[in-house]
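Student: Before anything else, here's the structure in question.
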Amino acid sequence: MQAGWLVRLLLGSFLLVPTLGYSQLEQFDEELTIKSLRDGKVFSKFSFTTILKGASPRDPRNLGTDDVSQHYIVFPLALGQILREYAVTELHLSLNAGKWNYDRWGYPEEPGVGTGAELWTWMGDSTQSSINERWRGLRNALAGLFCASLGSLDEQRTTSPARSFLPEGHLPDWGIPHQIRHASLPSENVCTENLTPFLKLLPCKSLSGIASLLNPHRLFDADWHGMSVHVLWRENRGVEIRLTFQTISDPLRLSSGRKQDWSFRTLFDRTIEKTCPVAQSSRVVVTLPTSVAYAIEPEPSSVVLGLASFDISNSIKPLDIGLRFAGDFQYPVDFDAPLTSLSVQRILHGSSQAYGQLSVKLTNHQAEPLRVVYLETMPWLIQFYLHTLKIHIDGMRNDNAMSEVTYIPAVPHARPATFQCVLSIPSGATMDLSMDVAKSFLRYTEHPPDAQRGWDLPPAVFTLIEANQTSPLNTNRRLYTPTLLVDLATPDFSMPYNVIIFTCSLIAFLFGSVFNLLTRKFVVVRIDPDKKNE
Amino acid sequence: MANALGMYRTVKRLGIPDSNIILMLADDASCNPRNKFPARVYADRGRHIELYGDNIEVDYRGYEVTVENFIRVLTGRMDPSVPRSKRLLTDDRSNIFVYMTGHGGNEFLKFQDNEEISAFDIADAFEQMYQKKRYNEIFFMIDTCQANSMYSKLYSPNILATGSSLVGENSYSVRPPIPPNHHPTNPPKYENDNDIGVAVIDSYTHHILSYMEHINKTSHLTMSDLFASYDPSKINSHPGVRTDLFNRPLSQTRITDFFGGVSQVEVRPPPASPNEHQHQHQQDQEHAPLPRRAGPPTPESADVTRTSVRREVRAWGAVTILAALIGWAGTRK
């Protein structure tokens, strides 16, 4: 047993070395941004960022071998395991409900506001396991993690729009190409069961810190709400996971006196009781109103450029930040005037169940000409007739406004259509784009259970190109149009039963008649007149 | 929806974690824009108990709730990409509680208003589970119209089943008490919540849930107590119980065997040596009382061989008699 302690010491040192090698620094920050909007609503954005310093995404060429052990302290293990398992470099998942009104509310702080579920990733190509297989595994793993039906984002909804969805972080230089996979499910509902796993990914869950304000009963009462998960890699920082929740709440609806006042109590029905102990920084940033008299309480820690900052760790608990306005709310005369440089409207015309017309109306509100990348990922239910594409600028036909067209046509029952082009809109002009479309006739097993409702079509995405650039940068703005609902021809679902009944009756009649004709013998019966008289 | 959510809440309250529960909800009622109380589903008209809560995990929702997915969950035959939270990872020491509710009829239950699962499908799925040793005991509860027909076709051992209504009876929503001068042949059928506008919960499930509200993890109440509490006049239908496939007597089967996640702890005197101490620690990890295993199977196999030999003798005898008859008929003139 003398050698026993020596062996143990050696074993211990062997185990210590790997852990020293992988002792990465992790940092968790949380922030809440609140802004009162022009039409009386309040925009709040919760942002929880965890940085794994010095880490890098998994190289997909190493997928066949065992991965190094992942030891996390504040980084969410459930999500980290999924990222390593499928060698994901960048991931963006958003679950939104409602329609984001760009004219009234301006640009959102997180650009992914398309209704429903949207998932897009950048993954490196590898011969070990193809990107499509890993995309499938990733969808299902995220569906299980977030209790969403992301498993149905199959190849009938997946596209690769590399020009519109540029990576937000950096792509590692492994010498292998990275590809994007994007899919959206506009009919996805967002509810408490999506928020529960979202909160479980945070180090303090919903017990302390800013996350304790996330009350599902008030969040899902909002006019618009969306949660998103962003995973990216920056070369000098490491792997970053950012969990955000944005809402547009309506204090006017809840107050009886037409007051625009808000506080944590009225917005979320909660207050912050404790600081999250593992958060390096935990703050609330309120955009102060510029044109009306107001009072904010408690006193902010600092006010810089019209932004009041509160440091949660140094504030008196329970913390209930509130903004009170001096007078009643008055709708400004221009409350509907656009706050963005581009307004978009997309409509599906046509009352026929076989043909329709997709029309997009863009208005450029800024003083310079505008160039946008227009992305349309249409499921195969709607087939484009590209030769009927017409562009009118301020009423005059001008097909040259469209350039750099990329079109991947739809394959029925297999692949959606991807249409990308660059549109140039002169300053202050309105562009009308219209295209004839054909609506498909589905096989009767492809209809959903509520077939008469129709199919939701994913939003079109417009990526603004900065002036003096030829193509979008990853900092460019993205606009989403609302989703469309298309009514396809539905069969009479009771027909199989009717056909069977009808056919069986017909066969019974035919068989009966033929059988009788063949087997029945008709005999003339002679009645003797003598016998009858007796 | 309140039916399934009420059961979910009861089962969670009695100790079963989300990782051991598979919840399938076909409709999104709580966050539907038409719900006046967003992210809330109430258990009764007075809105006393809120069932959706803050901490719910729905594994299958919307269009994913199909007969195919349900049977795949039971039998375990799934695509390898299906995540763990959507799988029923049970073994032969697991007690499973299966609760189904919806619109149904004689030996069928409707899914999504579009397809049906029949009593035979469920019986075969349970048999597959038995063959693959995926359960120790199953408690099957069903609340639909004519629910008792759904468990009439089960044939695997160790299944206890209960349903809300007899064949030919409908299972109604909670009724308010009938005033004395009300005409008895035309009673009101549903209790509506006038603010929400729809019926909120069914009578049978409401009865079960209100019974369960009095139970906590330490309760020793048995299944026979639960079944004895059935009152057809309050439930407006005749619930039934099927016990012929269940080996243990109901008076010894605790409700928490199926509804609760109760750890069995044996307190033993302090051990004399370190080896014994380890053994006791392992025993503490078990979660459900272990019924005794069935006896060795040798007498059964003897029976089996005897019957098969008898069958073979019969078959050959018949063949020889037939051959003799044909030969006799052939040689006659």
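The values are calculated or read from the model by the stated rules, or taken from the named source; none is laboratory data. All values reported here derive from a predicted model rather than from experimental measurement. Quick reminder, even Gly has a Cβ in these numbers, built from the backbone with ideal geometry, and neighbours come from all protein chains shown.
Residue-wise test of (1) exposed (fewer than 13 other Cβ atoms within 10 Å of the Cβ); (2) of a type in the set (F, W, Y); (3) at pLDDT 80 or above.
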{"site": "B:F227", "(1), (2), (3)": "no, yes, yes"}
{"site": "B:V262", "(1), (2), (3)": "no, no, no"}
{"site": "B:Q285", "(1), (2), (3)": "yes, no, no"}
{"site": "B:R293", "(1), (2), (3)": "yes, no, no"}
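Student: If you don't mind, there's one more thing I want to ask. Among the residues of segment A:47-68, write down those that are within 26 Å of A:L195 (Cα to Cα) and surrounded by fewer than 22 Cβ atoms within 10 Å (Cβ to Cβ).
Tutor: A:S47, A:T49
Student: Only one of (1) surrounded by fewer than 21 Cβ atoms within 10 Å (Cβ to Cβ); (2) within 10 Å of another protein chain (Cβ to nearest Cβ) is not met by B:N20, so which one is it?
Tutor: (2)
Student: I would also like to ask the following. Take the conditions crowded, with 23+ Cβ neighbours inside 10 Å and within 14 Å of chain B (Cβ to nearest Cβ) and apply them to A:N132. Does it pass?
Tutor: Here the answer is no, as A:N132 does not meet what is asked.
Student: For segment B:11-34, which positions are more than 15 Å from the chain's Cα centre (by Cα) and either within 13 Å of B:R61 (Cα to Cα) or part of a helix (DSSP H, G or I) (or both)?
Tutor: Passing the criteria: B:K12, B:R13, B:D18, B:S19, B:L25, B:A26, B:D27, B:D28, B:A29, B:S30, B:C31.
Student: Out of all the residues in segment A:251-294, which are of a type in the set (F, W, Y) and either assigned to a helix (DSSP H, G or I) or under 18 Å from A:D223 (Cα atoms) (or both)?
Tutor: Listed by number, the residues that qualify are A:W262, A:F264, A:F268.
Student: Against the condition more than 30 Å from A:A162 (Cβ to Cβ) and either touching a strand residue (DSSP E or B) at 6+ places or on another chain (Cβ under 8 Å) or acidic (D, E) (or both), how does A:S69 come out, does it pass?
Tutor: When the stated conditions are applied, A:S69 does not pass them.
Student: Can I ask one more? Can you pull out the residues in segment B:50-73 that are more than 10 Å from chain A (Cβ to nearest Cβ) and free of Cβ contacts under 8 Å to residues at least 12 places away in the same chain?
Tutor: Scanning segment B:50-73 gives B:E68, B:R72.
Student: Every residue in segment A:52-71 that is of a type in the set (D, E) and modelled with pLDDT under 85, please.
Tutor: Within segment A:52-71, just A:D67 meets the criteria.
Student: Moving on. Could you grab the pairs with beta carbons closer than 6 Å, sequence gap of 6+ or different chains, first residue in segment A:432-450 and farther than 24 Å from B:G62 by Cα, second one among the charged types (D, E, K, R) and assigned to a strand (DSSP E or B)?
Tutor: So the pair list comes out as A:D432/A:K361; A:S434/A:K390.
Student: Taking segment B:108-120 as the search range and keeping residues that are crowded, with 19+ Cβ neighbours inside 10 Å and free of Cβ contacts under 8 Å to residues at least 60 places away in the same chain, which one is farthest from the other protein chains (Cβ to nearest Cβ)?
Tutor: Among those residues, the one meeting the criterion is B:A119.
Student: Answer yes if at least one residue in segment A:76-84 is under 23 Å from the mean Cα position of the chain (by Cα), part of a strand (DSSP E or B) and at pLDDT 90 or above, and no otherwise.
Tutor: no
Student: While we're looking at this one, here's another question. What are the residues in segment B:32-46 that are crowded, with 19+ Cβ neighbours inside 10 Å and either aromatic (F, W, Y) or facing chain A (nearest Cβ under 8 Å) (or both), if any?
Tutor: B:P38, B:A39, B:R40, B:Y42
Student: All but one of (1) surrounded by fewer than 19 Cβ atoms within 10 Å (Cβ to Cβ); (2) more than 23 Å from A:V88 (Cα to Cα); (3) in contact (Cβ under 8 Å) with a residue 60 or more places away in the chain hold for A:S212; state the number of the condition that does not hold.
Tutor: Every listed condition holds for A:S212 apart from (1).
Student: Listed residues A:T192, A:T244; which is over 21 Å from A:T483 (Cα atoms) and either within 14 Å of another protein chain (Cβ to nearest Cβ) or of a type in the set (G, A, S) (or both)?
Tutor: The match here is A:T192.
Student: If you go through segment A:314-337, how many residues are among the small types (G, A, S) and under 33 Å from the mean Cα position of the chain (by Cα)?
Tutor: 2
Student: Same structure, new question: Might you check whether a residue that is modelled with pLDDT of 95 or more and among the hydroxyl-bearing types (S, T, Y) occurs anywhere in segment A:289-299?
Tutor: No, there is no match, as no residue in segment A:289-299 is modelled with pLDDT of 95 or more and among the hydroxyl-bearing types (S, T, Y).
Student: Mind checking which residues of segment B:74-107 are in a loop (DSSP other than H, G, I, E, B), more than 14 Å from chain A (Cβ to nearest Cβ) and either out of contact with any Asp or Glu (no Cβ under 9 Å at 6 or more places or on another chain) or under 15 Å from B:I21 (Cβ atoms) (or both)?
Tutor: If the condition is that a residue be in a loop (DSSP other than H, G, I, E, B), more than 14 Å from chain A (Cβ to nearest Cβ) and either out of contact with any Asp or Glu (no Cβ under 9 Å at 6 or more places or on another chain) or under 15 Å from B:I21 (Cβ atoms) (or both), then B:G76, B:R77, B:T90, B:D91, B:D92, B:S94, B:N106, B:E107 are the ones that fit.
Student: Residue under question is A:W224, and the condition is that it be away from chain B (no Cβ under 14 Å), touching a residue at least 60 places away in the same chain (Cβ under 8 Å) and touching a Gly at 6+ places or on another chain (Cβ under 8 Å); does it hold?
Tutor: So A:W224 does not fit the description; no.
Student: Need the failing condition index for A:P197 against (1) crowded, with 22+ Cβ neighbours inside 10 Å; (2) within 17 Å of the chain's Cα centre (by Cα); (3) not charged (D, E, K, R), just the number.
Tutor: The single condition A:P197 does not satisfy is (1).
Student: Determine whether segment B:47-56 contains at least one residue that is out of contact with any Asp or Glu (no Cβ under 9 Å at 6 or more places or on another chain), surrounded by 16 or more Cβ atoms within 10 Å (Cβ to Cβ) and assigned to a strand (DSSP E or B).
Tutor: yes
Listed here are the residues, each with its yes/no results for (1) in a loop (DSSP other than H, G, I, E, B); (2) closer than 30 Å to A:I425 by Cα; (3) modelled with pLDDT under 95; (4) more than 59 Å from the chain's Cα centre (by Cα).
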position: A:E446; (1), (2), (3), (4): yes, no, yes, no
position: A:N468; (1), (2), (3), (4): yes, yes, yes, no
position: A:L473; (1), (2), (3), (4): yes, yes, yes, no
position: A:L485; (1), (2), (3), (4): no, yes, yes, no
position: A:P496; (1), (2), (3), (4): no, no, yes, no
position: A:T503; (1), (2), (3), (4): no, no, no, no
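Student: Hey, does segment A:258-277 have a residue that's farther than 27 Å from B:R34 by Cα and buried (at least 22 other Cβ atoms within 10 Å of the Cβ)?
Tutor: yes
Student: Residue by residue through segment A:358-393, note down the ones that are of a type outside the set (S, T, Y), touching a residue at least 24 places away in the same chain (Cβ under 8 Å), farther than 22 Å from A:S164 by Cα and out of contact with any Ser or Thr (no Cβ under 6 Å at 6 or more places or on another chain).
Tutor: Hits for segment A:358-393 are A:H392, A:I393.
Student: Filter segment A:102-153 down to the residues that are in a loop (DSSP other than H, G, I, E, B) and either free of Cβ contacts under 8 Å to residues at least 60 places away in the same chain or of a type in the set (V, I, T) (or both) and list them by number.
Tutor: A:V113, A:T115, A:T127, A:S130, A:C147, A:A148, A:S149, A:L153
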